[in-house]
Amino acid sequence: MQSVIPASLTITHDSIQTLLKCKGNWTIENLSEVSDQLENLTLQPTILWDVAEISEIDSAGIALWQLNNRLFEQKGHQCETIGIRNEHSHLYRLLYSKPFQDSPPPDLPSWLYRLGREAHFSFLGIGAFLSFLGEAFILLFFTLRHPQLIRYRSIGVHILETGAKALPIIAISAFLIGVVVAYQSVVQLQKFGADIFIVDMIGISLTRELAPLITAIVVAGRSGSAFTAQIGAMKMTQEIDAMKTMGFDPFTFLVWPRVFALMIVMPLLIFFADMVGIFGGMVIANAQSNLSFTEFINRLQGALALKHYLIGIFKGPFFAFLIAFVSTYRGFQVSMNTESIGQYTTKSVVNSIFLVIACDAIFSILLTELKL
């Protein structure tokens, strides 16, 4: 029979800190003596917990450790922890629904430790996202073999929400972008008497680059954040767990309908943004350069090649795919507290916009190299 190692706490003071070295089994039946020690401590401004030699710990041990840690911090002490193992972190996450914030080893600069820690978590996050994608595509292939499982009604609802109801904000954004581009172009082109080339500037820049990019950013902020918040709220209220219990796969019901809907509406929204943006430019060209609408349209027909318009439309499904998957992935990451909804909704929007801009840059490089 394995012997039980009693819990112990070795206390060491120096001029600036108190070292609390924890050993043994920090389980509920062994904590009375340690609890008495913690109640009668004389502490230095900095407290360093060393938990590397805790051989076994349960929820009572974690609770005692964290309760005293918070009490020390409330009294104005700076608390740090070293020697945290995976089992400590897992149990802490189970109890408090958030990851444990450990402290750097004493001989490592804090900024270097934080840099390495963030890099490590970023690497793990990329792996988790790829795993999410893999699972989603496995379910997609299964669903395509059984078309009756496709949620056509849900796709229609999301098309309405992400497409039709987004038209006003898309119209305002695209119109203002057209106005800004036209106004700034007119100011520069008038210096050379080349006002007519404002049509080329507006037509090519809007249809090829600006309209797809602005539309994607607006959709990421509007629809992507909504996807994350919706799925996060469902996770908090345990609706997703209930779906799994009843045999409904969350990817089939929550992920792919949103992805399909956004990929369908994004090219349509870009086309709408093209039209409104060009109209905004047309208004400014008429007001600032006395370029009539008829002249503008005639010039546009010759200046705007079909390839520029098609390239802008072609980017839409790729942008929509990135936005929908990132936002749903972040929704599934929400933990059982309201703070995490705001945290992961923010991450969803930031990540989506970054990926959209990165994808647009890749398209620009590739298409330029291909002479398109």
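This table checks each residue for (1) small (G, A, S); (2) assigned to a helix (DSSP H, G or I); (3) at pLDDT 85 or above; (4) farther than 28 Å from W256 by Cβ.
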residue	(1), (2), (3), (4)
A119	yes, yes, no, yes
L124	no, yes, no, no
I138	no, yes, yes, no
I155	no, yes, yes, no
E161	no, yes, yes, no
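Out of everything in the range 181-204 that is farther than 13 Å from L291 by Cα and open to solvent by less than 30 Å² (accessible area, probe 1.4 Å), what residue ends up being modelled with the lowest pLDDT?
S185
Residues being acidic (D, E) and free of Cβ contacts under 8 Å to residues at least 12 places away in the same chain: count how many of those fall in the range 357-372. Outline the logic, then answer.
Here is the first cut: in the range 357-372, the ones acidic (D, E) are 360, 369.
Remaining after also requiring free of Cβ contacts under 8 Å to residues at least 12 places away in the same chain: 369.
So the answer is 1.
Within 26 Å of M336 (Cα to Cα) and assigned to a strand (DSSP E or B) - does that describe any residue in the range 47-58? Break it down into steps so the answer makes sense when it comes.
Let us first name the residues in the range 47-58 that are within 26 Å of M336 (Cα to Cα), namely 57-58.
This time we only want the ones that are assigned to a strand (DSSP E or B), so: 57.
Yes, the conditions are met somewhere in the range 47-58.
Name every residue in the range 231-253 that is in contact (Cβ under 8 Å) with a residue 40 or more places away in the chain, in contact with a Lys or Arg (Cβ under 9 Å, 6 or more places away or on another chain) and surrounded by fewer than 24 Cβ atoms within 10 Å (Cβ to Cβ), in order of residue number.
P250, T252, F253
For every residue, the table says whether it meets (1) of a type outside the set (S, T, N, Q); (2) in contact (Cβ under 8 Å) with a residue 12 or more places away in the chain; (3) open to solvent by 20 Å² or more (accessible area, probe 1.4 Å); (4) in contact with a Pro (Cβ under 9 Å, 6 or more places away or on another chain).
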{"residue": "Q288", "(1), (2), (3), (4)": "no, yes, yes, no"}
{"residue": "R299", "(1), (2), (3), (4)": "yes, yes, yes, no"}
{"residue": "S327", "(1), (2), (3), (4)": "no, yes, no, no"}
{"residue": "E339", "(1), (2), (3), (4)": "yes, no, yes, no"}
{"residue": "L355", "(1), (2), (3), (4)": "yes, yes, yes, no"}
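Looking at (1) open to solvent by less than 60 Å² (accessible area, probe 1.4 Å); (2) modelled with pLDDT of 85 or more, which one does P168 not meet, given that it meets all the others?
P168 satisfies all of (1) open to solvent by less than 60 Å² (accessible area, probe 1.4 Å); (2) modelled with pLDDT of 85 or more except (1).
Could you tell me which residue of the range 135-159 is nearest to T328 (Cα to Cα), considering only residues that are aliphatic (A, V, I, L, M) and surrounded by 12 or more Cβ atoms within 10 Å (Cβ to Cβ)? Outline the logic, then answer.
Of all residues in the range 135-159, those aliphatic (A, V, I, L, M) come to 136, 138-140, 144, 149-150, 155, 157, 159.
Checking the rest, the ones that are also surrounded by 12 or more Cβ atoms within 10 Å (Cβ to Cβ) come to 136, 139-140, 149-150, 155, 157, 159.
Numbers: A136: 11, L139: 15, L140: 15, L149: 20, I150: 18, I155: 15, V157: 16, I159: 16 Å.
Result: A136.
The values are calculated or read from the model by the stated rules, or taken from the named source; none is laboratory data. Note that the structure is predicted; figures quoted are calculated from it, not measured. Note: ideal-geometry Cβ built from the backbone for every residue, glycine included; neighbour counts use all protein chains shown. The area values use the complete protein model at the heavy-atom level, side chains included, leaving out ligands, DNA and RNA. Shrake-Rupley method; radii C 1.70, N 1.55, O 1.52, S 1.80 Å.
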